[in-house]
Structures are given as structure tokens and as C-alpha cells.
1. If I filter the range A:24-51 down to residues being more than 22 Å from residue B:20 (Cβ to Cβ) and not in a helix (DSSP H, G or I), which single residue comes out as nearest to the other protein chains (Cβ to nearest Cβ)?
2. Residue B:130: crowded, with 21+ Cβ neighbours inside 10 Å and either more than 13 Å from the chain's Cα centre (by Cα) or farther than 17 Å from residue B:152 by Cβ (or both), yes or no?
3. Given the range B:1-109, what strands (runs of 3 or more DSSP E) lie entirely inside it while holding 1 or more residues that are within 9 Å of another protein chain (Cβ to nearest Cβ) and crowded, with 20+ Cβ neighbours inside 10 Å?
4. What about residue A:130, is it assigned to a loop (DSSP other than H, G, I, E, B), within 7 Å of chain B (Cβ to nearest Cβ), under 20 Å from the mean Cα position of the chain (by Cα) and over 14 Å from residue A:145 (Cβ atoms)?
5. Within the set of pairs 6+ apart or on separate chains, which have a first residue in the range A:121-132 that is at positive phi, a second that is modelled with pLDDT under 95 and buried (at least 19 other Cβ atoms within 10 Å of the Cβ), and C-beta atoms under 6 Å apart?
6. Within the range B:54-101, track down each residue that is under 18 Å from residue B:144 (Cα atoms) and more than 20 Å from the chain's Cα centre (by Cα).
7. Kindly provide the set of residues from the range A:52-63 that are touching a strand residue (DSSP E or B) at 6+ places or on another chain (Cβ under 6 Å) and part of a loop (DSSP other than H, G, I, E, B), ordered by number.
8. Condition first: facing chain A (nearest Cβ under 7 Å) and in contact with a strand residue (DSSP E or B) (Cβ under 6 Å, 6 or more places away or on another chain). Now tell me which residues in the range B:132-142 satisfy that.
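The values are calculated or read from the model by the stated rules, or taken from the named source; none is laboratory data. Just so it is clear, the model here is predicted, and its values are computed rather than measured. Every residue, glycine as well, gets a Cβ built from its backbone with ideal geometry; the counts of neighbours run over all protein chains shown.
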């Protein structure tokens, strides 16, 4: 372990990536809303990003593209307790109960209706209920950490859960992930597919985390952080966090009455 | 700011993408995710392959989503891919009758995956294809690609995407014929033989 990668090494790489981004933008390059797939401070990306640029498809030339429609999900695909992660077992999970809610929108601000929102997370101690998870924090027999729901007519989703704990990982020595909830969402078109992570405000681990810092644009990174919303807090029960999700990419060109988005 | 006013013609900045990470398996996977075709349907095809990284090693923790039209080229609008059992809270599975067009499969420990779905029909100006979305630990933003089946292979220059690609690159999007309705489609994330990936600006 003579050459073990330290936080200081990663910090230098993160700073260099940010400086390079600033230079690009000052040189007239567009704002980057998403991480570059080639982001060395996150070591797992090294062998898993394409070297060749993606081929751009001009969707305006063919409204029949498969990618311009989206899989449908409905009431059959979710159960009532799927959106309340505190009620999925016989006992109460340990931890701070939270309500996480927001709207699913496209870039024009239109709600994405009746579409699937999936989420998963570590328990209050920072442990996933995944077989391969090796962090030796305790499992909670009353918490699986998986939720699903459909957005309502205004694009709203809402989960009741437990605030997840931060956890260590092996990117470098003393690497810790800030507490986060994974989200997977669909839009009105497959082109709008999004998998991402929601963070909690004022987490001191933010600057050290190469995954969050892979979003090099300050404003874009801030959009991954929920806001505490006292109006969402439930008296005697849970603290509220609001997090809206805005889907990128061209939307569907078709409409379907009374079901999914325009 | 994470709160956005509704409506308005303004162009809202999008929520950034993040990696799916290593621990999505117990959350996103569902039984029958890879068995999209209605039971016994005569237009069923099996597409399978490996996902490889830039060192040529199989990727054992990739998640693929496959989305495609029915054999007549119609996009399914039916839900029920991950039908639940309200009594047990578990999965009831697909009903074996309806075609949702949506499949989701994790690579296994060897980096191998398969889906059984219906042979896609042609739409618009394109040759028939299945749309694929690739997620993995280490992949900060998902990747799109397409699976074209041989035999459906377009007249040269008959598909707007394939016509733009040089032969060698085009071949990465066409599955290999293995007989009995089975096709091989490997995905190479990086390096030699790198799969053609797509973006939709």
C-alpha cells in the first residue's frame, strides 16, 4: 500500500478538473449540466467510459424514433407501502424519519404525469441491504431501503423514509460518500431517462466526494441537493425535504389522453 | 435552488446524472425483467451477450434496459412490466399476455445478460431496432445504443443512423445470428471495437 491514494491526491485531481472546466467555459464552451463520463477522480470510471464521442441523433427529423416514446408504468406496478419505507416490515426502522417530496418536470417546466419514480438508499447506519455490501455497519431488519411510486397529475412524488447515513467506500484511503438517496426516473421519452442521487443540505462531506464533484458546474451540483422544507415536515412524525427533478433530453412527440404527458 | 416554478416557457436547467453505483441490484431488478415477450409468442427473439470494459474484462455489475416496438412497429403503451402482488408486497410478475416492450436485466458474475422479447417492427425511416440504455458502477451518465437484428438489416443506406457509420462501427450495432431466434450482442464500453453510443441533443 506504499502508493495508496489519499484524499489529498483526490482533492488535487478534483481541483484540476474544476479549473479545466472553468477554462472551457471562459473560452466559450457550453455549461456542462452532467458529469463527463471520463472523470479520473472517480476511479471506477477509468475503464468504463467510451473514448469516442457519441453519435448525435437529430430527433426533429423522425418523430417515429423508438427513443421518443417511453415505457408505461401503472397502478399494477406499485403497492401502497412502496412509497413508505418505514412501513415495509413488521417493526419500525431505526433512524430519523423524513418525508422527501418534489415534482418531476421536463425542461419546459411541464409535469411528467403518472410516471415511475424508483429510489434506494442505505439505512441510518450507512449500510445497504445488498448482499455484496461489505461495510460492517449494522443491518436494520426493519428497513430495506427501496421505494417506488407514480407521479400524480401535477408531477408530484412523495416518499416517507429514514435519513440515510454516510458510508465509507474504496475509491481512496478514507473515502466517504455523503448521505444520499439514489433515484431512477422515466420521462415521456426514453431519451429523458435519468438515474441520479439526491443529497442533504450542508453535508460536510461534499467537497471530498469525487462522485458529487464529478458535476463540475457549481449551479448544476447544487441542483442535486434537496432543501429543508418545514411545510413538508409532518408534526410529531418526520422532517421534510423538497427536491424537484428536471429531465433533460427531448420529450415525447405524441399525446395520450388522460394518461401520460404531453 | 432545487425548487422550480411551474409552467413558463423558460428552459429549466436539468438535474445532473449520477452513476447507478454498485448496490442497485436489490432495488431496480425485478423478477422476469428479462422476459419481455408474452409466453409462447411466435415472434419471440432472444438477444444475449457480454458487457466489456476498456481492459476487455467482463463487467459484472452493469444494468441494461431494453425498449422496443412490437412486430408491427407499434410502441407499447401498456403498463405491468413489474406487476406487484398487493397482498404479499412482492412481485406478481408479468401476466404473460400483454407486451410492455420494456425489459431490465443485470449482467451476471460473468458479465453476461439476455433478454427475450418480440422481434421489433420497423418505424418511420429506420430499420427495426431495440433501444438500449446502459448503466453501471463507474459510468457517471448512462449510455444509449441500439440493437439491429441481422435479416432486418436495412438495404444499404436504408437506415439514417447506420448509413452514417463506417462499416466497422456499424457492425457494433448489428447482432450476430446464432440460429433458432437467438442473437448475440456484446457491448464494449471502451477501446477496440467500442460500441457506437448515441446522444439525443
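1. Taking the range A:24-51 and keeping what is more than 22 Å from residue B:20 (Cβ to Cβ), we get A:24-31.
With the extra rule that they be not in a helix (DSSP H, G or I), the set shrinks to A:27-31.
Numbers: A:27: 20, A:28: 18, A:29: 15, A:30: 11, A:31: 8 Å.
So, considering only residues that are more than 22 Å from residue B:20 (Cβ to Cβ) and not in a helix (DSSP H, G or I), the one nearest to the other protein chains (Cβ to nearest Cβ) is A:31.
2. On the way: crowded, with 21+ Cβ neighbours inside 10 Å: yes; either more than 13 Å from the chain's Cα centre (by Cα) or farther than 17 Å from residue B:152 by Cβ (or both): no.
No, not satisfied.
3. On the way: elements: B:44-52, B:62-67, B:102-106.
Correct list: B:62-67, B:102-106.
4. Working: assigned to a loop (DSSP other than H, G, I, E, B): yes; within 7 Å of chain B (Cβ to nearest Cβ): yes; under 20 Å from the mean Cα position of the chain (by Cα): yes; over 14 Å from residue A:145 (Cβ atoms): no.
For residue A:130, the condition - assigned to a loop (DSSP other than H, G, I, E, B), within 7 Å of chain B (Cβ to nearest Cβ), under 20 Å from the mean Cα position of the chain (by Cα) and over 14 Å from residue A:145 (Cβ atoms) - is not met.
5. No pair meets every condition.
6. Selection gives B:54 alone.
7. So in the range A:52-63, the residues touching a strand residue (DSSP E or B) at 6+ places or on another chain (Cβ under 6 Å) come out as A:54-57.
Passing the criteria: A:54, A:57.
8. Residues of the range B:132-142 facing chain A (nearest Cβ under 7 Å): B:133, B:135-142.
Once the filter is applied, which keeps residues that are facing chain A (nearest Cβ under 7 Å) and in contact with a strand residue (DSSP E or B) (Cβ under 6 Å, 6 or more places away or on another chain), the range B:132-142 yields B:133, B:135, B:136, B:142.
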